[in-house]
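Nothing in this text is a laboratory measurement; each read-out follows from the coordinates by a stated rule. These numbers come from a predicted model, not from an experiment. Note that we place each Cβ from the backbone using ideal geometry, even for glycine, and neighbour counts take in every protein chain shown.
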Amino acid sequence: MAVWDTASLLLGLLLLFHTWGAWATVQVSMEDRVEVFRGDTARITCMFTSDEGIGGMTIMWFHSKRLGGRQKISYQDSTMEVIDQGTAFTDRINLNGTGANKEVVLTINNVQLEDELEFICSINTLTDGSGEGSTKLKVFVTPDYPTIKAEPTAFSVNSGSMSKIGLCEVKNGYPKPNLTWYRDNTPLRNDLDVVKVTSTITTESNSLVSVLSELRLRVSKEDKDAKFYCEVNFLVPGGTRMRETDKINITVYYPSTAISVWVESPKGKIKEGDSIELHCHGNGNAPSVLTIIHGDVHRPVEANMLVVNNVTRLNSGVYECTSEDMETYDLISGNTSVTVNFLDPAVVFPKDTVVVAHGKNLTATCNALSSLQTHTAWFKDGKEISRGHTWTLAEATFDTAGTYVCMVTVPDIEGMETSGTLHVNVEGPPEIMRPDNTEIEESFEKSVDLSCSVRGFPAPDVTWATSDGKVLNPTSLKQTEEGIQSVVSVKVTSDVTVFCNASNEHGTDSVAFNIKATIHTTTQATTTTSTSISSTTVKAATAIPPKKIKKEGSGVIIAVIIICILLLAILGSVLYYLYKKGKICGRSGKQDLTNEKSNKENIVVEMKSDNTEEAILLGVNGEKLPPSDQ
């Protein structure tokens, strides 16, 4: 019984695993194809369903080989992403996504034609098995613009065979572009003995494809006015596109019954100053004399063409081409209308120069007569400030003064333009543009240049003056874009304030420059003076340049002090002499005063002369008197 139970359990587990495996399968979903232009980035998405978590899942990318088989280019799991080395995609692919959201993306940068392969996404799990999907990468290159070249010969309706009409060519496309010939709006297909189209396909060394198509046609009289051109159709990501060549016409030789005349160049609209090329053709091959008539002017046509140089609006009108048959003298004609577009010089109002009061408004207009719609823009200092024929300057300031240019252009014709100018002066009191530094230090006896820039209208007068009332003459005075610039040079002899003053009939303005003179001091050599009485050493002080004495009474006081000291010295000498002789207080003349210890009673006068011719006076108590007190 136990054996039976065990067997039943094992059988149930096997059935469970089998059922689980049937339910839990990996299904991969990918686009059939991804289309990109060469050089762009391709994103190939791999979506899958699985009950397996990302921990037990591996994702590998492969690409097919042109000769069969496939090559792995990347590997990723929950712990790492590895780009295989040595493949054509090693440096150009990126892996986006971990698989947690059941989606991973292979990104291919700078796609090339060689990358047009099949890319395989392989999902492997531990329990759900594996699954694969694939996407074909399609690469596209837009071809060059197609060209058409007509045969430079004429065709006869009596030739009896098909004639080569021209060649159409489109180069450097991928995949192969398709060319279709048109006569007027009708496509031309191969028709035995009537139409023959032959195409040559060339694959270039860079894998791009070029197509050359030749049209042969049995011409008829109806082809005389026909326009032939080619249409190229080429594939692009998500669809197709089409381009057309220029249209050509052919010359068919048969007896002329009509004349065609047209402007061959320039293509499009004509403007004054262009050179126009008029073509005149008859629809027959009989020799004839062609003449183009415009008004009363008759001009012979050579080689079916007439060039009119440097045309003006007077050249507008109908141009008639006449053909006179040399055999029958029959006269036939054709005509075309030529319109020469013109643009007159711009007219600005007010004219030339206008004066606007500060804070006021100005409205100006700019117009130019033209045969076509015009566009007007206003510029200042090379920058566009307004559009339209009318421009308004609101609340004029000195900053808005200057030259304004209005440019009138014709959008339909490149290079057709004219311009006008308006000079705006803003009237108001002068305004000095404050310098960055008005506090200046400069060495004694040096010169400093001061600059003062003033704007205002009328042009202000600029003067310079110092704080002590001295008027300075400027070293330069010049006109600038913003106003007037005046420069003055000041020699620094003391601290001084220099004023720049500007004035006109509307007011004044000024700015002050404070200049501080700096003095460099020097030290003289030390001098020692000795006396036998006081043994005093006298050292010369540091020499300082004399400062300007502002109070005149100081010199008088010093002179009085010096005189008093001299009188005291003389009086002391007399008393000392009388004392020695015993004339004072009954003392004997033999008494020696040299035993006195006090230096306070000594009166010594010593004069010293040196190269600076300065005198040093030693007075009472041995003190040295400064030169100013002598």
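Computed values, structure above
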read-out: Dipole in debye (nearest 20) - the stretch 457-523, about Cα centre, beta carbon charges: Lys, Arg +1; Asp, Glu -1; value: 360
read-out: Over the stretch 255-341, relative contact order from alpha-carbon pairs under 8 Å, at least 6 apart, %; value: 36
read-out: Candidate aspartates and glutamates - alpha carbon under 14 Å from Lys171, same-chain residues fewer than 8 apart omitted; value: Asp144, Glu204, Glu231, Glu244
read-out: Extension gain, His389 back to Leu192 (0.36 nm per residue minus Cα-Cα distance, nm); value: 64.5 nm
read-out: Projected label distance in nm at Thr147 and Ile563, using a 7 Å step from Cα toward the beta-carbon; value: 11.8
read-out: Simple Cβ-charge dipole of the stretch 147-244, Lys/Arg +1 and Asp/Glu -1, about Cα centre, in debye nearest 20; value: 60
read-out: Rounded to the nearest 20 debye, dipole of the stretch 25-140 from Cβ charges on Lys, Arg, Asp, Glu; value: 340
read-out: Total formal charge among the other residues, if their Cβ is under 10 angstrom from that of Ser161, Lys/Arg +1 and Asp/Glu -1; value: +1
read-out: Given charges at Cβ of Lys, Arg, Asp, Glu: the stretch 40-129 dipole, positive-most of Ile73, Thr107, Ile44; value: Ile73
read-out: Anisotropy class of the stretch 168-207 from Cα gyration tensor, a/c 1.5 cut; value: prolate
read-out: Net charge, Lys196 excluded, C-beta distance under 12 Å - Lys, Arg +1, Asp, Glu -1; value: +1
